[in-house]
Amino acid sequence: MTAFFLYSAVILTVIISVPLIRVVKGPTVYDRLVGANAIATKTIVLICLIGIIYNRIDMFIDITLAYAILGFIGSLIIAKYFTSGRADSDE
């Protein structure tokens, strides 16, 4: 069963590269923001899978909750910044 979770973690790591391309080459800042949020979501699942592999899911759930809260607050701050009109247009 551990092998299944290990292979799932490896596949999820490969899947994280898809939104990474959007973050690097995104045509707008909003595309980059959505790509970064997708990476954060997949990273949360990856951390949970690592917790299952090490049989310490209780500790890793706490880490993922903190990571999710920080990611959500960061997204809100960035979205507020761009909707307030203080940001320059995208280059």
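In order along the range 51-64, phi translates into HN-Hα couplings of x, 5, 4, 8, 6, 10, 4, 5, 6, 6, 5, 4, 5, 5 Hz, rounded to whole numbers, per the Karplus curve 6.51 cos²θ - 1.76 cosθ + 1.60 with θ = phi - 60° and x for Gly and Pro.
When the alpha carbon gyration tensor of the range 16-83 is reduced to an equivalent ellipsoid, the three semi-axes, largest first, read 26, 15, 4 Å.
Counting other Cβ atoms within 10 Å, which trypsin sites (Lys or Arg not before Pro) in the range 1-65 have at most 16 and lie in a DSSP loop? Don't jump to the answer; show the numbers that get you there.
Working: sites: Arg22, Lys25, Arg32, Lys42, Arg56; in loops: Arg56.
Sparse-neighbourhood loop trypsin sites (Lys or Arg not before Pro): Arg56.
Here r is the Cβ-Cβ distance between Ala79 and Tyr54 and R0 is 25 Å; the resulting FRET efficiency, rounded to 0.05, is 0.10. Here is the list for the range 2-91: chymotrypsin sites (Phe, Trp or Tyr not before Pro) lying in DSSP coil, each with at most 16 other C-beta atoms within 10 angstrom of its C-beta, are Tyr54.
Taking amide H atoms as placed 1.01 Å from N in the peptide plane, the amide H of Ile16 has no partner under 5 Å among residues 5 or more positions away or on other chains. A helix-only calculation puts the chain at -28000 deg cm²/dmol for mean residue ellipticity at 222 nm, using -39500 (n - 2.57) for each DSSP H run of at least four residues, averaged over all residues. Were the residues from Val18 through Leu70 laid out at 0.36 nm apart, the gain over their Cα-Cα distance would be 16.5 nm.
Bear in mind that the values in this text are calculations on the coordinates, not laboratory data. Remember, it's a predicted structure, so these values are computed and weren't measured experimentally. For neighbour counting, all protein chains shown are included, and Cβ atoms are generated from backbone atoms with ideal geometry for every residue, glycine included.
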